[in-house]
Amino acid sequence: MSVEPVTTRDYEAHTSSEPLQLTKTEIEEISEMLLYEELSRARIRDLEEGVRAQRARGSARAVRRWSRVARWAARRADRYQDPS
């Protein structure tokens, strides 16, 4: 048996038989709220994009670092394996 959580807004939406009437001020407030919400989402997307770019640069840096370590290890191994 599963139970769906019901919020007050859901309950009121299902029990209210009259259509919702909004004034011009309420519509403007809702529009302004949605605008701020969209702006915050855009900022979050920009931040996530910056983080992805930073990770890409970091991984390229790690590749170069490990390549240097691998070359150093190969030279060291060659030096100790040559009987000369």
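The values are calculated or read from the model by the stated rules, or taken from the named source; none is laboratory data. Remember, predicted model here, so these are calculated numbers, not experimental data. All Cβ positions, glycine included, derive from the backbone under ideal geometry; neighbour counts span all protein chains shown. Ligands, DNA and RNA are excluded from the accessible area calculation, which covers all protein heavy atoms including side chains. Shrake-Rupley method; radii C 1.70, N 1.55, O 1.52, S 1.80 Å.
Of note:
- Per the listing Val69, Val63, the residue uniquely at pLDDT 95 or above and open to solvent by less than 100 Å² (accessible area, probe 1.4 Å) is Val69.
- Flag: Tyr80 matches the condition of being open to solvent by 100 Å² or more (accessible area, probe 1.4 Å), at pLDDT 85 or above and assigned to a helix (DSSP H, G or I).
- When the stretch 20-50 is filtered for residues that are open to solvent by 100 Å² or more (accessible area, probe 1.4 Å) and within 22 Å of Asp10 (Cβ to Cβ), the ones remaining, listed by number, are Leu20, Gln21, Glu29, Met33.
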